[in-house]
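Structure first, commentary second.
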Amino acid sequence: MCFRRCTNRAGYKLLVFALLSIVANIVLYFPHGETRYAAEHHLSKYVECLNGILGGGILVLIPAAVFICLYSEDCCGCFGREGCGKGCAILSAALSAFIGMLGSGYCVIISALGLSYGPYCFSRLQRRWIYPFADSSGSYLLDYDRWSECQEPYNIVQWNITFFSLLIVFGVLEFLLCLAQIIRGMFGGLCGLCCSDEETSVC
């Protein structure tokens, strides 16, 4: 299958995952649609990192845009030289994929830390805003009886677990897509692009 066609499909997949990451992070930032917790800084520090918007979102949109544009761009000329356009396409795809890997990796790491550390909430036991599960090393995730320690925001433990988990899934998929594109580019550079003569003549 042509390198550019594979890249184009990966670009649309990255676009979808990047948009989903942005939406998941926005929803995570406003528990149950409430804006006051963000305004009062009563959110986990890992929520405020905006890893889904910046990492899994904006930084992944860069390779998504490059991958999609590669399919429609002239691949038969580069800087006035015939025949080097394919090499430029592979190089630009690999560089943008590396940026995407950095962004998705950041998204996954921050989301994992957010899950492990737990939410910032108003504790019904200590009657103040704290991280009640910070010392649990993530064991609270399976200790459902402890979740009621967070009185406010309502169901914040379930909220954080759901959307941080989604961000991890999206980030991992983005990372794998970008990694696959780099590997595909390496093989494309070593073995030559597999575009047919007909496809090349259309470029």
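Can you find a residue in region 20-39 that is assigned to a helix (DSSP H, G or I) and touching a His at 6+ places or on another chain (Cβ under 9 Å)? Quick ask: steps written out before the conclusion?
Within region 20-39, the subset assigned to a helix (DSSP H, G or I) is 20-29, 31-33, 36-39.
Still in the list and also touching a His at 6+ places or on another chain (Cβ under 9 Å): 36.
Yes: region 20-39 contains one or more residues that are assigned to a helix (DSSP H, G or I) and touching a His at 6+ places or on another chain (Cβ under 9 Å).
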Problem - Test: residue in region 196-203 that is assigned to a loop (DSSP other than H, G, I, E, B), modelled with pLDDT under 95 and surrounded by 15 or more Cβ atoms within 10 Å (Cβ to Cβ) - result: yes
Completion exercise
Within region 95-129, of all residues that are part of a helix (DSSP H, G or I) and among the polar types (S, T, N, Q), the one nearest to the chain's Cα centre (by Cα) is S104
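Check G138, G118 and return the single one that is closer than 28 Å to L20 by Cα and modelled with pLDDT under 90.
Working: G118 fails: modelled with pLDDT under 90.
After applying the criteria, what remains is G138.
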Fill in the blank from the handout: Flagged pairs (Cβ under 7 angstrom, 6 or more apart or on separate chains; first in region 108-126, among the β-branched types (V, I, T); second assigned to a loop (DSSP other than H, G, I, E, B)) are I110/Y46; I110/C49
Exercise for the section: State all residues of region 15-35 that are in contact (Cβ under 8 Å) with a residue 60 or more places away in the chain and either buried (at least 20 other Cβ atoms within 10 Å of the Cβ) or not charged (D, E, K, R) (or both); if no residue qualifies, say none. Expected result: F17, A18, L20, S21, A24, N25, V27, L28, P31, H32
Problem - Filtered residue count, region 130-151, keeping only those that are surrounded by 15 or more Cβ atoms within 10 Å (Cβ to Cβ) and either in contact (Cβ under 8 Å) with a residue 12 or more places away in the chain or in a helix (DSSP H, G or I) (or both) - result: 10
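The values are calculated or read from the model by the stated rules, or taken from the named source; none is laboratory data. Not measured: the values here are computed from a predicted model. Virtual Cβ from ideal backbone geometry, glycine too; neighbours counted across all protein chains shown.
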